[in-house]
Structure formats: C-alpha cells, structure tokens
C-alpha cells in the first residue's frame with residue numbers, strides 16, 4: 001500500500017500538531033513553521049501533498065504557492081486560511097491550488113479534502129504507470145541512438161499534448177507508424193479514451209464509408225436491423241488512427257474533411273447530425289503530392305490531416321540503430337522461445353549493418369524472430385538469419401566493400417565530412433539522372449520522396 005507524504009506548513013504549532021495527530025496514522029506527515037524551510041525540504045524530498053497556510057511570516061503562503069507550482073507544476077497544494085478572504089482564495093486557485101480549507105479546521109472535513117486530493121494523485125500515478133508500461137512494451141521502433149529517431153521522439157512528445165490537433169505520419173512500410181500513433185495516444189490527454197485503428201487499405205472501398213461513419217437501418221442492402229455505430233463514433237474522446245489514408249475513396253475523403261472541419265457527420269442513410277470529439281492521426285507510405293496531382297487525393301484534406309506532419313525515418317537512414325534493435329529483438333524472442341542465445345556473430349552483425357532494409361524495422365524484427373526460432377547455436381549466424389546467400393551487389397546488401405574508395409591517409413580523415421560529401425554526391429547525381437524529378441530521384445536511392453526532398457534541401461542550405 002502506498003504511504004503518501006504530506007507537508008503541513010503553518011506558523012501556529014497548535015494547528016500543525018493537531019493536523020499531524022489526526023492524520024499521521026494513514027500518512028507520513030512533516031510539519032514546518034515557515035515557507036522558506038518547507039520549500040527547501042520540498043526540493044530535497046518532494047511530498048505528495050502540501051497543506052499551506054496563507055498568512056505565513058516571511059514568504060507568504062500565496063508567494064510560496066507560486067514558487068512551488070513553478071518548480072513542481074503537478075504538486076497538489078491545499079491552502080489554509082484563517083478567514084474567508086475571497087479575493088486571496090481566488091488568486092490562489094488561479095495560481096494552481098487544488099482546494100482550500102478555513103480555520104478553525106474541522107478535521108473530518110479536512111480528511112475528506114485530503115482523500116479527494118490523494119485520489120487525484122493515485123489516478124495520475126496509475127495513468128503514468130500504464131503509459132510507461134505501454135511505451136516500454138510496444139515501441140521497439142524507438143530503440144536506438146540515432147539523432148533521427150531522437151528528434152522524432154522529442155517532436156512526438158511535444159505534439160501529443162494537444163487533444164485534437166490532426167497529425168499525419170509519413171514513412172515507408174515497416175517504420176512503425178502504427179506504434180507511433182499509439183505513442184501519441186498514450187502521451188495525450190485522450191489517453192483514457194479509446195484508440196481506434198482503421199486500416200483503410202484493408203477495407204473494400206464500397207464499405208469504408210459505412211465502417212467509418214456507421215449506418216442507419218435500411219441504409220443499404222444487407223444493413224443491420226438496428227443500424228451500426230461507425231469507427232469514428234467508437235473513437236469518441238480518444239484517438240482515431242487512419243492507417244494507409246491514401247487508400248480512401250474520394251467520397252470518403254469528402255466526408256472525412258467535413259468531419260475534421262466541423263466535428264460533425266451523418267451516418268450512412270441517416271438524417272441526424274452527430275458531433276464527436278476525437279483526435280485523428282493518419283499515416284501513409286504513398287506520395288500524397290503525386291496523388292493530388294493525379295486528382296486521386298483532395299488537397300484540402302491533405303492540409304487538414306497534416307496540420308502537424310511527422311516524417312518517420314527509414315531504417316536505412318538510421319543505421320546506427322540496427323544493432324541496438326537487433327539485440328532487443330534477440331532478447332525478446334530468446335525469452336519467448338526459451339532459447340539460450342548469447343549474441344550475434346560478427347559476420348552476421350556486419351551483414352545486418354550492410355543490408356538494404358526494404359521492410360524497415362518490421363523486416364528486421366521478422367528476420368531475428370525467424371533466426372532465433374530456427375537457430376541452434378549460441379550466436380545468431382548468417383545461416384540462421386537467411387543471409388548467407390546474399391551476395392554483395394545482389395540488390396539487397398549494400399555493395400560498399402567493392403567500391404574503389406581512396407585509402408585512409410596517415411593523418412586520418414574527417415569521417416563526418418566524407419559522409420556528407422558522399423551523400424551530397426548521390427543526392428545530386430540521382431537528381432541529374434531523374435532529370436529534376438524528385439520522386440524518380442528518391443526511387444533511385446530507395447528512399448521516401450519526402451525524405452529525399454528534406455535531405456536535398458538540408459544539404460543545399462547546410
């Protein structure tokens with residue numbers, strides 16, 4: 001059972017001792033006669049709750065509240081006042097006080113107020129524990145040391161805090177877009193609501209509207225007698241994740257746009273306007289700009305879905321993360337299949353690092369799972385991973401060792417400069433070969449169109 005810590009700050013010893021005697025059976029209670037001493041103690045050992053007198057000597061309770069909330073925004077503070085000074089109490093509540101009590105104190109009422117406050121803390125801690133558990137168990141795509149994935153993580157932490165701003169995830173197949181949508185949901189104020197996932201590519205085009213928006217009785221042949229809620233309704237007060245949003249029909253796109261703009265929609269065959277609040281996170285591995293040019297995707301919907309756009313890097317763009325991910329999956333599947341692997345052989349590590357990952361993190365995970373399941377030795381080998389037949393230059397492994405690079409001089413080289421020069425050469429060479437078409441240039445380099453555009457722009461401005 002959790003033993004909560006409560007600080008009581010009041011210059012009247014009779015008050016502090018009375019409170020301590022009344023609640024110390026259930027809580028750890030420390031008392032202070034002034035705000036300065038209490039604030040120093042909070043810095044060393046933050047409590048769960050502070051009972052803070054307004055009329056303190058030295059730093060007043062109002063000033064102390066401001067300092068506490070500035071350093072610990074989530075800390076709960078209950079103000080104690082000797083008289084019902086409405087203006088002061090209102091000021092404290094605006095500054096973040098949880099509640100207030102009036103002297104002379106009635107211990108029964110105070111204990112109820114304390115329990116209510118600690119119930120809030122308990123719920124917050126439970127939510128935090130659930131969030132941490134989900135993120136730990138379900139986001140292997142975020143494992144790694146590269147700046148690319150760290151930048152994505154930081155950006156997601158920031159944008160997830162909004163409960164309703166649409167977010168568009170752009171990235172190749174297998175980069176973990178669905179897992180990242182989950183991360184956004186579990187970091188958002190909508191965490192306690194549902195996370196509803198819709199694979200737009202897996203639902204027949206003639207059914208996608210009824211699946212998204214629901215339908216009324218008799219809306220079409222075969223419609224259920226009672227009608228049906230759509231997935232948008234199912235996601236109320238939570239998150240709706242539209243995977244492969246580029247596969248939506250133009251009719252469904254029009255209805256989705258209306259919903260995004262006004263928060264309202266009609267069920268198929270219905271006349272009643274429905275209002276739902278949910279955050280829409282969408283994802284695509286398609287070149288939406290090309291689809292817009294071909295009149296296959298609405299430009300206004302693209303802008304509405306992508307109020308915030310997040311470019312998910314491919315595994316080929318974050319090669320320093322390959323081995324941390326591989327070791328993570330090795331540990332996961334070694335435990336799952338009750339094997340005794342101690343690591344990955346040097347030859348297999350080298351091949352993994354030089355392999356061209358068309359399926360990204362998902363492909364790596366599947367490869368390691370298969371290797372652990374069928375492997376018999378202490379280390380994962382090329383044979384276990386199915387890589388022994390992959391010849392250099394065969395289109396799957398990077399053919400770097402046969403490339404005639406100049407030798408390293410005695411004085412050494414600046415590897416960062418060399419890497420940048422090599423990248424710039426191939427970015428511009430692909431652009432030249434594609435005759436200025438960025439989409440074709442991206443395909444020559446086996447990277448996403450958006451990634452190509454970003455890297456080319458970065459190299460030009462850098």
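A short reminder: the numbers here are calculations on the coordinates, not readings from a lab. As the structure is a prediction and not an experimental result, all values here were calculated from the model. Cβ placement follows ideal geometry from the backbone for every residue including glycine, while neighbour counts extend to all protein chains displayed.
Quick notes
- Helix 250-262 vs. the chain, principal-axis angle (Cα, 0 to 90°, nearest 10): 20 degrees
- Each residue in 34, 300 was given a count of other beta-carbon atoms within 10 angstrom of its own, and listing them fewest first yields 300, 34.
- Labels on offer are (1) 33.5; (2) 22.5; (3) 48.3, and the one holding mean projected area of the Cα convex hull in nm² computed from this structure is (1).
- The range 5-129: C-alpha gyration tensor shape, a/c 1.5 cut-off, then a/b vs b/c: rounded
- Summary of the geometry: the range 214-265 and the range 11-80, compared by the centres of their Cα atoms, lie 51 Å apart.
- Put a dot 7 Å past the Cα of residue 437, heading toward its Cβ, do the same for residue 220, and the two dots end up 3.6 nm apart.
- Our helix-only sum for the chain, with -39,500 (n - 2.57) per DSSP H run of n ≥ 4 divided by its residues, gives a mean residue ellipticity at 222 nm of -14000 deg cm²/dmol.
- Summarising the strand pairing of the range 170-318, around 20 percent of its internal DSSP beta bridges are antiparallel.
- In this simple spin-label model, placing a label point 7 Å from the Cα along the Cα-to-Cβ direction at both residue 250 and residue 229 gives a separation of 3.3 nm.
- Shape call, the range 288-360: gyration tensor on alpha carbons, a/c limit 1.5: prolate
- Of all DSSP beta bridges in the chain, antiparallel share, percent nearest 5: 10 percent
- Cα gyration tensor, the range 222-277 - rounded (a/c under 1.5), prolate or oblate: rounded
- Helix 177-186 axis, angle to the chain major axis (alpha carbon atoms, nearest 10°): 0 degrees
- Exposure proxy ranking, count of Cβ atoms within 10 Å, fewest first, for 314, 162: 162, 314
- Label point 7 Å beyond Cα of residue 5 along Cβ direction - residues of the range 34-48 with amide nitrogen under 17 Å: 36-48
- When you count the other C-beta atoms within 10 angstrom of each residue and take the mean per peptide, 435-446, 164-175, 415-426, 98-109 line up highest first as 164-175, 435-446, 98-109, 415-426.
- The calculated FRET efficiency for residue 12 paired with residue 106, based on their beta-carbon distance and R0 = 22 Å, is about 0.85.
- Cβ-derived FRET efficiency at R0 51 Å, residue 457 paired with residue 86, nearest 0.05: 0.35
- Taking the chain and dividing mean pair separation by its residue count, relative contact order in percent (alpha carbons under 8 Å, at least six apart): 11 percent
- Average projected area [Cα convex hull, the range 415-461], square nanometres: 3.0 nm²
- Helix 61-71 axis, angle to the chain major axis (alpha carbon atoms, nearest 10°): 20 degrees
- DSSP finds beta bridges in the range 27-114, and of those with both partners inside it, around 0 percent are antiparallel.
- Going from the residue with the fewest nearby Cβ atoms within 10 Å to the one with the most, 286, 340, 177 rank 340, 286, 177.
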